[in-house]
Every structure is written in structure tokens, then in C-alpha cells.
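Written below as C-alpha cells is the structure these notes are about.
The values are calculated or read from the model by the stated rules, or taken from the named source; none is laboratory data. Being a predicted model, the structure only gives us computed values, none of them experimental. FYI the Cβ positions are ideal-geometry reconstructions off the backbone, even for glycines, and counts take in every protein chain you see.
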Amino acid sequence: MTSDQRSARGRPRSEDARTAVLHAVDDLLVEIGYSAMTMKGIADRAGVGRMTLYRWWPTKAHILIEACVDDAREELGLDDGTDAYADLPAYLDALVCFLTSSTAGLAYRALLGEAQHDQQVATLVHQHDLFAASASRVIRTATGAEPGPRAVAELVGPVLYLVLTGRQPTRDDIGALATTFLRTHTADDGAAQRASTARSSSRPASRRARRSPT
């Protein structure tokens, strides 16, 4: 059952309280890390009651995944009508920034680590795919085909691998990944070359003004 379903059965959630809770998990994640974070600590930092917190979210992982979903939707979206072959490296650049420079990305990486030994968190991460919608959209624009899960994995997976193994992907890495993807999924070698030289567009900051991890 999702947090939205839980709240629908009880008192409607206050958006101000929800925002305070999401900011609280951001701050605590940076300050003390995922393992030391508790529901009591989140409630105290947000200024809400623990019963209220548990009524809306059953665990801290549910709060973090909701925060991640919100920010991924904003930070990884692409404007309509842009150049398809500039979009692909721009998307990968935004993905790198999300994973390495935002608190939401730090939260998602913490959840991925926790998912390796906590089946409940693993199920939660599986149920909330942060990248499928945005990656599918940019693939559809660039290739003209309807992407499946494998195509999404081939686009997003290499960036995740580089980040999770401690390497900061460079602009050259992004261009090479975009080129390889297009050569695999289109017959237009010129398109791949344009992707490799396209400059990534700037990305808007999250509306919740998340603090970058230090």
C-alpha cells in the first residue's frame, strides 16, 4: 500500500507538513546518514507528531522514495520540441547531476544500498522506478521507437554503474554513451555523431530547493 493510499483512508495530508517532512529527511540524510535516521528523528525535525508520520508513511524508506520520485520527475524532465540528438546527452548529463549533486540522488543511492539486504526496501525501489518514464520519453524522441525495459536499462545503466563505482562521468563519457546508444538503436550514424558533439542543456533546480550533498 502506498503512502497516498494510506493517507486517503485517514485525514488528508497537509502539504506544508509533507514538505517539512521531505526537507527533514534531506537534512538528516546529509547530517547523519540513512542508517542513523529514525522516524522519531524525522518527526522531531519536521515538527510533526510521530503518529501523523506513521499514518502517512510506514517507514523512513517510504519517505525517501517519495522525495526521490518528486525530484526525479522535475530534474529529469525534458521540454517538448527540443533537438532529439541534443536531448540524449542532455538527459544523461541531468541524470549524472541528479545522482551526484542532489540530496535526492544521495537518498536514492542510499536506498539502492539498503535494498541489497532489505527485501522490503528492494520491493519499494522496484515499485518506484525513478527513471523509466523520463528515459522512455527521451529514447522515443531520439529513435522514433517505443522503448522497452531493456532499452531503458541500456541508457541509464552505464551511468548508474559509473556513479555507483565511484567514478564521476565526464562530458566525454556522456557523449560516448549517447553515441553508443544511438548506434545500437538507430541506423543513422550521423545522428550518433551529432549526439556525441551536442552540448548538454542546463537543468532547472528542484522546486523544493534541495541542498546538494557535501
Problem set entry | Single match in Arg109, Arg73, Arg50 (criterion: farther than 27 Å from Asp173 by Cβ and basic (Lys, Arg)) | Arg50
For this session: Quick one: in region 79-102, of everything that is of a type in the set (Phe, Trp, Tyr) and at pLDDT 90 or above, which residue is farthest from Ala153 (Cα to Cα)?
Result: Phe98
For this session: Evaluate the following for Gly105: is it modelled with pLDDT of 95 or more and either outside the structural domain of Thr184 (by TED's automatic domain parsing) or in a helix (DSSP H, G or I) (or both)?
Result: no
Exercise. Got at least one residue in region 87-100 being more than 14 Å from the chain's Cα centre (by Cα) and not in a helix (DSSP H, G or I)?
Worked result: no
Exercise. Residues in region 149-169 that are within 18 Å of Pro89 (Cα to Cα) and either basic (Lys, Arg) or assigned to a loop (DSSP other than H, G, I, E, B) (or both): how many?
Worked result: 3
Exercise. Residues in region 22-48 that are part of a helix (DSSP H, G or I) and more than 13 Å from Ala104 (Cα to Cα): how many?
Worked result: 10
Problem set entry | Residues (more than 20 Å from the chain's Cα centre (by Cα) and over 20 Å from Ser101 (Cβ atoms)) located in region 142-184 | Ala142, Thr143, Gly144, Ala145, Glu146, Ala176, Thr179, Thr180, Phe181, Leu182, Arg183, Thr184
Seminar exercise, completed: Flagged in region 118-168 as in contact with an Asp or Glu (Cβ under 6 Å, 6 or more places away or on another chain) and more than 16 Å from Gly77 (Cβ to Cβ), in numbering order, are Val121
For this session: Please list, ordered by first then second residue, the pairs with beta carbon atoms under 7 Å, 6 or more apart or interchain, first in region 53-79 and assigned by TED's automatic domain parsing to the domain that holds Asp27, second in a loop (DSSP other than H, G, I, E, B) and among the β-branched types (Val, Ile, Thr).
Result: none
Seminar exercise, completed: Taking region 1-32 and the residues there that are modelled with pLDDT of 60 or more, farther than 16 Å from Gly49 by Cβ and among the acidic types (Asp, Glu), the one that is surrounded by the fewest Cβ atoms within 10 Å (Cβ to Cβ) would be Glu15
